[in-house]
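Asker: Dropping the structure in here first, questions after.
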Amino acid sequence: MKHLTGLRQLSADTITRILDKAAHHKHLFINDESAITRTLHSRRIALAFFENSTRTRFSFEIAARNLGASTLNFSASASSISKGESILDTIRNLEAMRVDAFVIRHPSSGAAEMISNHTDRHIINAGDGAHEHPTQALLDIFTLREYFTSLSGVKVMILGDILHSRVARSNIFGLQALGAEVAVCAPATLLPTDCSKLDVRVFASLDDGLRWADAALVLRLQLERATGGFLPSLSDYSEHFGLTDERLERVRKHLLVLHPGPINREIEIAGNVADRIQPPGYSKSMLLEQVTNGVAVRTAVLEMLMASDT
Ligand code: CP
């Protein structure tokens, strides 16, 4: 595998190999970081973020450094992109500085794929518009696999702003490849028009979705991407689609709760649901475990793509 631009095209076997490698790296990351082999010694990785990030950018940076690579942090506002240089010219100039790989986050769907067609360096999609966020989905799936052991038959409900979510799309592709059952739950105005092509169950009622699901992946309401008049009011949204203890108690269902972050507390998820990592209560939050797992998964991805280069 040369690039990672999405999960749609990855086989179950490839996803499983990444997850297995991530399990190895998680063990080392938690128990003895110094034991991680510097398989990317003297390699250069550019972290090119055209949108803000905390979790993805820093976890890639930790992953790259743990493997012995050096990182170049690139932001559009501090680069010559702000003077009108194109993204492809920018990539070519960084290639000339012997950058081996680009981790790219961009607001345009398809940006990572487009760049991968114009370079012989590795391209890793760190989120492109509303298209895909493959390493986020891999870490979500890794977290679910650690908890349930196997994804086969596990019922995962993706809750919230599906329309604007690259995380939802990548998770649907990856979870389905590994045999999970996937549903979405959202107001009709926050579902994509091609929802029927995604082959997922759709719940209009959160109570019905909760009764069905073993795990819920709660999504952030992406207020910054909503340019039309289709957003419900925040109070309406949290009343009907916010994950709260009252709702979980009503359906009397134990639920594993994931969220890619950042969270809007008290809008899509109540603070106590987001923070509860052990009983008592009807849910278990995996939010910070996901973040730790992000380092392991991104270490595995970088090593898998780059370590066998000659
Ligand atoms: N989940 C996620 O992509 O978080 P960041 O935007 O902080 O990277």
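Asker: If I ask for residues that are in contact (Cβ under 8 Å) with a residue 40 or more places away in the chain and either part of a helix (DSSP H, G or I) or of a type in the set (Ser, Thr, Tyr) (or both), which ones from region 225-280 would you list?
Answerer: Within region 225-280, Tyr237, His240, Phe241, Arg247, Arg250, Val251 meet the criteria.
Asker: Which numbered condition in (1) over 25 Å from Ala300 (Cβ atoms); (2) away from the ligand (no atom under 15 Å from the Cβ); (3) at pLDDT below 95 is the only one that Glu33 fails?
Answerer: Unmet condition: (1).
Asker: Moving on. Please go through region 22-42 and pick out each residue that is assigned to a helix (DSSP H, G or I) and surrounded by 14 or more Cβ atoms within 10 Å (Cβ to Cβ).
Answerer: In the first step, residues of region 22-42 are kept if they are assigned to a helix (DSSP H, G or I); the result is 22-31, 33-35.
Once the filter is applied, which keeps residues that are assigned to a helix (DSSP H, G or I) and surrounded by 14 or more Cβ atoms within 10 Å (Cβ to Cβ), region 22-42 yields Ala22, Ala23, His24, His25, Lys26, Leu28, Phe29.
Asker: Follow-up. Among the listed residues Ala48, Ala76, Ala64, identify the single one that is within 16 Å of the ligand (Cβ to nearest atom) and farther than 19 Å from Gly129 by Cβ.
Answerer: Within the list Ala48, Ala76, Ala64, the selection yields Ala64.
Asker: So, Ser150, is that one surrounded by fewer than 21 Cβ atoms within 10 Å (Cβ to Cβ) and touching a residue at least 60 places away in the same chain (Cβ under 8 Å) or not?
Answerer: no
Asker: Please state which one of Ala112, Ala64, Ala126 is within 25 Å of Arg169 (Cβ to Cβ), assigned by TED's automatic domain parsing to the domain that holds Leu19 and not in a strand (DSSP E or B).
Answerer: Ala112
Asker: Related question: Exactly one condition in (1) at positive phi; (2) within 16 Å of the ligand (Cβ to nearest atom) is false for Arg57; which is it?
Answerer: Exception for Arg57: condition (1).
Asker: How about region 96-129: which of its residues are surrounded by fewer than 21 Cβ atoms within 10 Å (Cβ to Cβ) and within 14 Å of the ligand (Cβ to nearest atom)?
Answerer: Listed by number, the residues that qualify are Pro107, Gly129.
Asker: Among Ser86, Ser109, which is touching a strand residue (DSSP E or B) at 6+ places or on another chain (Cβ under 6 Å) and either under 22 Å from Pro134 (Cβ atoms) or of a type in the set (Gly, Ala, Ser) (or both)?
Answerer: Ser109
The values are calculated or read from the model by the stated rules, or taken from the named source; none is laboratory data. Just so you know, these numbers come straight off a predicted model, no measurement behind them. Here the Cβ is made from the backbone with ideal geometry for all residues, glycine too, and neighbour counts use every protein chain on show.
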